[in-house]
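The structure appears below as structure tokens.
The values are calculated or read from the model by the stated rules, or taken from the named source; none is laboratory data. Quick caveat, the model's predicted, so the values are computed rather than measured. Quick reminder, even Gly has a Cβ in these numbers, built from the backbone with ideal geometry, and neighbours come from all protein chains shown.
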């Protein structure tokens, strides 16, 4: 899977809350908690930007950066509670693109991350629109033919996740884990929410054009950006 941002930090609560905040603003983000988690991540996934803590429970962020630099030129922003100028110099010399001091403001860090993504040609999409359906991820507004549509927070997250993976079949299990953040959510709950979304955005909910069921596999969003 392709992500905008990978956070590598052994402070699990901070890493998870930062990832959750970024995802709210359509910066597709995931957190891992050490060097082994990073290695496992890159076996099956990619990231356009890495936030890397200097102090990791199972190793050094500096050493991990050197390892990553033998395999990828993905931008790396170091994050650390240490304020030493020597640390900053080392971080930049071994391949870091910037240095962020903890504790940081989530809003300021998000702005920096978006700026880096834009600088490297990976600007985050703020909106989906095809002339009929418009979804603004930042303001969490949905419109049909210019008319506002009311969705619950969970319905909006579900729709956003499917749009982010436009054209890709998403399994029910992935939706449970990524949208509900609960791998034990039942099929009935998902089916109800898909039905409500179809009633909200489809011309004919019984013959959906956007939220397509792929029998035996899951669902996919079938749409085109302008």
Over the stretch 37-61, the set of residues modelled with pLDDT of 85 or more, surrounded by fewer than 22 Cβ atoms within 10 Å (Cβ to Cβ) and farther than 18 Å from residue 19 by Cβ is 39, 43
So the helices (runs of 4 or more DSSP H) completely within the stretch 122-226 holding 3 or more residues that are closer than 30 Å to residue 112 by Cβ and at pLDDT 90 or above are 153-164
For the stretch 62-82, the count of residues that are modelled with pLDDT of 85 or more, within 17 Å of residue 11 (Cα to Cα) and loosely packed, with under 13 Cβ neighbours inside 10 Å equals 0
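This table checks each residue for (1) touching a residue at least 40 places away in the same chain (Cβ under 8 Å); (2) touching a strand residue (DSSP E or B) at 6+ places or on another chain (Cβ under 9 Å).
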| residue | (1), (2) |
| --- | --- |
| 7 | yes, yes |
| 13 | no, no |
| 28 | yes, yes |
| 31 | no, yes |
| 41 | no, yes |
| 46 | yes, yes |
Picked from the stretch 83-97 (must be at pLDDT 70 or above and more than 13 Å from residue 54 (Cβ to Cβ)), the residue surrounded by the fewest Cβ atoms within 10 Å (Cβ to Cβ) is 93
By residue number, the members of the stretch 15-26 that are surrounded by 15 or more Cβ atoms within 10 Å (Cβ to Cβ) and free of Cβ contacts under 8 Å to residues at least 12 places away in the same chain are 23, 24
